[in-house]
């Protein structure tokens, strides 16, 4: 249905960019020949570790009795906080998280230490036999309770513009509302894993399934009391990341390294899926309260919004996540008079972390909820109210953080989707149908996305790459980005192939490795291709430039006259194959490799006032979703989805469509079936796929159409493209708004409070509340 | 004690493995003992499908192919079978199997970790449908892939691949050669006793059960497998009933169908759907295909989980359970089998032999409803099966089974009593709904609150009433926009 029109073989003619090349590892993946960390042949003497978990949400840790575990078959010993040679705290930015719980446990599932044994099952079995003496303390488990108690991991942040009190007081209409939105488990199919190998002279080789090898390197070195150059971190690919392996992979790698150091043996730590759920952080659950004033058209004249992020027991990335939520409260809409108060709440659960969208979804959903409520309050079509609030081109075009929106395509994009999806006709049809249907009610919604691209921490927006041309003309690329399935490596191979004018298959990628490109930022914030693609392009360009100069000298022309295309190189006088040129150049001692470095221009941002231009550009999109609900049970189904999304000029349409579809379905899961349930003791009761339900094949609507917006990125970005990793996730807010539309049809009144996820139970509750 | 040697056919060759402990999983054997790491562990509990492999068994002169979860399957259980993993499909020259080629062409792999499992489910589909000249519809693909989770793609390209593979040049398995090898394996089977007992006949099973009452009885191992991987249980001795010929039969008798306890859920549901075609969707929502291919109806019933989905249906149908031991057989209504949470009347020397399910009778109106967070491959928050026989407008017979509302699967005796002999009217349905709500005191857990369960239990009876009156589009299970909009 959304299959790109042409399937191109690996030997397709140039240019490589713009073509739907299969994923560079596809053939290996389908044959079971793609290697993940747990598949690496184990070095002789490898031991296996398993975590010892706190069984109390909050308490004083009085003692650890490993006697029974140590007596078990195959067990070599335990690793506890006392075994850490370096800093007992992880080298996180806020520096507030112990590597192993020491005198206090702060969530149920917190790692107190490890059991190390000859086999993984021996280690896991023994870890359960370690007895913890914990004196329980009162635990804060609810985010609203945390606000009440002022239990915070970081101080609250307020962003204010204009006079929201006046905007509300003088408005012809006012509304208040509240909402609770649940978190989300990443459920990367490959669980967290690291394999730590001792090298000579107290150096370490860490295989880690991580989005951020540089940070793993830094954390491991810090914990071992070593310098960064003593630790090499390598990752060929992850079996999924989604933000869950941005910081969380670091913990696992540090633990494995500490065990390897204590026993002077290679140690692998692969978390069992249930332990992975219990230990690692998730998408932040949020709670909201708002008060808004608006005019007869539904245009917001004043908004006061409280967002409380449930951060769990430590800061981790909660500061930037909550910041990005604040930055995305506006989504596509101008908020002239606004006050946003953001609480970063400390609770005694897992430390919530990065997850695709990184707070953006949690910011946007509040405003989308408000606009849906305003429309129903006024008896208007929610799409009209949304359109009335969109950013303008010449005016109403400055965000609440003082960035001018220069690349706004919201109105034409939404209007085209509205027409293509026959929104108005369908809304009328649905209303007629609902009037006759006693049990099933249908709903429809269009919601837009405007997502800011760049790390909000400006210094992260830099990247490096290496391009090596070997004497036979084959090319190897290495860069600081990591592959988690998003197709980053494939796109970079395409970019480099085009830069050198060689076929796609001439270029290979090598594993991400801190000893090749240092100090790389996390592959996150949708920035992988923007940053690393440009760095790789620059590296290739330098090699090409040297070769062009070499040819120009021989052919007595200018370097610009030398053309690299189709695996051939031509000057005014002669044409030669790429391989011939490379061989000649090597023998003439031309440097056939280069580095490349890129930093994003134009961006700046004051983290104290939360103002500036944190984003290089915005990625846009909109989705039209139709759903049905069962008013007897609350069960619901997504029936039809039409998406129009902006990826600029696509480097690889198949990969971009894959990101859009995958992001949308993942977002749909967040808002429908994926429910994290902690019981009153702080125990995460949904800790496996038997109880935590991500979408399955049957949840994909048969009508699921994706179209790409046909314009290039107006900013100078690699190949005219735009980032695509995160923005489509938020298109799924249309699912939740359509469900609220259906619920409103059933209730026949304006107010619909439907907490997310919209499980059958929550939908039924929304019908009655 | 020495374990029996495990022997199976892979890549056309005989593989023999000695000294494999009885509780070692097939996935551990593949990844750790055979260093075949193409097959992945995603969850270790049969819920994600990353570990899917295909088993081939000689049946009726041919090969029967079944995609199963290797993470919760005991390695010994594949003795005498043929095995395919993701590493076994490509040609010697590296040419990909259509299931693999289609996944590449349709961009069906992103991170690639679920891919080996999808490829094997596709291979199972290929052998069971494409190779037999049957089309792969999107509906079939969705149903047969519902036990495989992908977090990257959103599934559309994988569903495309399922259909695309049928368009590629055919590849075939040399079935005759494998059947021949399996026959030789069966003849030369190592009959020595050991810690893993897999009898082939009922008398043999009953004798072993009597002699080894402490042996852990397993069938498809789709629940017991989790006791190994998640609860870290170790079994000194395992008694596997899944190869007992008498327990693998589906026999049609006058008045009822007898489903052997070791009949897989896939085949058991085929038998039930054969009698009552409208149960097809309910059947396909029971776990995912790899679990239905391994798990057995007898295992689901004997395990007795209060949220097992087959029991409410069987109770509503008036099914009876037959228990066997060296002392003979006894039979009782299914609901009387259970005595408490995961407790039953089974004696130490007994096994479940078969389940007898009455055929439909004229006037019967049966519906089975399942409420879960996810439509496919989920566990019920509430399951309700209602089977009324209306004669002259009066409820002549009422059978109502419920799951998720008590410590065991239960028969709704009060609701049945409220209906029996009364005219079938909206008022009667409301009375029965009220009886249902007051009859059970469900608990709150991660699947649903007690209040929701109670409320929905009654609402489902309301849905049943509406369906019994011929109302269309009152159930999302069968909802299609196009049909709903048809004049």
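All of the numbers you see were taken from the coordinates with simple rules; none came from a lab. Here the structure is a predicted model, which means the values were calculated and not measured. Every residue, glycine among them, receives a Cβ derived from its backbone with ideal geometry; neighbour counts consider all protein chains shown.
Descriptive notes on the structure:
- Proxy reagent accessibility, fewest Cβ within 10 Å first, across B:120, B:231: B:231, B:120
- Nearest-0.05 FRET efficiency for residue B:211 and residue B:183, computed from C-beta distance (R0 35 Å): 0.75
- Gyration tensor (alpha-carbon) shape descriptor, region B:15-98, a/c threshold 1.5: rounded
- Alpha-carbon radius of gyration plus Dmax, which is the widest Cα pair, for region A:120-161 in Å: 19.2, 59
- Once the convex hull of all Cα atoms in region A:447-526 is built, its volume per residue stands at 125 Å³.
- Summarising the label geometry, the points placed 7 Å from Cα in the beta-carbon direction at residue A:176 and residue A:705 lie 4.4 nm from one another.
- Counting Cβ atoms of other protein chains within 10 Å of each Cβ in A:653-661 and taking the mean gives 4.
- Set the Cα radius of gyration of region A:376-437 against 2.2 N^0.38 Å, with N its number of residues, and you get 1.47.
- Computed E for residue B:5/residue B:471 - FRET, C-beta separation, R0 56 angstrom, nearest 0.05: 0.40
- Counting Cβ atoms of other protein chains within 10 Å of each Cβ in B:154-166 and taking the mean gives 5.
- Considering all C-alpha pairs of region B:82-166, those separated by over 23 Å amount to 13%.
- Helix B:265-275 axis, angle to chain B major axis (alpha carbon atoms, nearest 10°): 40 degrees
- Taking the longest Cα principal axis of chain B as reference, the axis of helix B:115-128 is set at about 80 degrees.
- The fraction of Cα-Cα pairs per 5 angstrom bin, counted from 0 for region B:388-487, comes to 2, 12, 21, 20, 17, 13, 9, 4, 1, 0 percent, rounded to whole percents.
- For region A:119-205: rounded, prolate or oblate by the Cα gyration tensor [a/c cutoff 1.5]: prolate
- Cα-derived Rg to Rh of chain B, Kirkwood definition: 0.98
- Derived value for region A:374-488: Kirkwood hydrodynamic radius 19.4 Å. Basis is the mean of 1/r over every pair of different alpha-carbon atoms.
- Inverse mean reciprocal Cα-Cα distance (Kirkwood Rh) of region A:592-636, Å: 16.2 Å
- Footprinting exposure proxy ranking of A:514, A:158, fewest other C-beta atoms within 10 angstrom first, gives A:158, A:514.
- Legend: Rg and Dmax of region B:214-373, from Cα coordinates, 15.3, 51 Å.
- Fewest-first sequence of B:365, A:286 by Cβ atoms within 10 Å of each Cβ: B:365, A:286
- Note on region A:571-611: Rg/Rh from C-alpha atoms, Kirkwood Rh, equals 1.46.
- Residue B:407 paired with residue A:474, simple spin-label distance in nm, labels 7 Å along Cα-to-beta-carbon: 6.7 nm
- Mean partner shielding of peptide B:316-323, defined as the number of other chain Cβ atoms within 10 Å of each residue Cβ, is 0.
- Estimated D of chain A in µm² per second, where Rh is the Kirkwood radius over Cα pairs and Stokes-Einstein applies at 25 °C, 0.890 mPa s: 90 µm²/s
- With the simple spin-label model, which puts each label point 7 Å out from Cα in the Cβ direction, the residue B:167 to residue B:245 separation comes to 4.6 nm.
- Compactness of region A:269-369, taken as the C-alpha radius of gyration over 2.2 N^0.38 Å, stands at 1.24.
- Rounded to the nearest 500, the 222 nm mean residue ellipticity of chain A from helices alone is -8500 deg cm²/dmol, with -39,500 (n - 2.57) taken per DSSP H run of at least 4 residues.
- Estimated from helical segments only, the mean residue ellipticity of chain B at 222 nm is -8500 deg cm²/dmol, where each DSSP H run of four or more residues counts as -39500 (n - 2.57).
- Between 0 and 90°, nearest 10: helix B:426-439 axis offset from chain B longest Cα axis: 60 degrees
- Rg/Rh (Cα only; Kirkwood hydrodynamic radius) as it applies to region A:14-77: 1.29
- Part-to-part distance (alpha-carbon centres) for region A:448-477 and region A:103-174, which is given in Å: 34 Å
- Computed E for residue A:555/residue A:229 - FRET, C-beta separation, R0 51 angstrom, nearest 0.05: 0.70
- Value of D in µm² per second that Stokes-Einstein yields for region B:434-487, Kirkwood Rh from Cα pairs, at 20 °C (1.002 mPa s): 165 µm²/s
- Under 20 Å from a label point set 7 Å out along the Cα-to-Cβ vector of residue A:420, no amide N atom of region A:344-370 is found.
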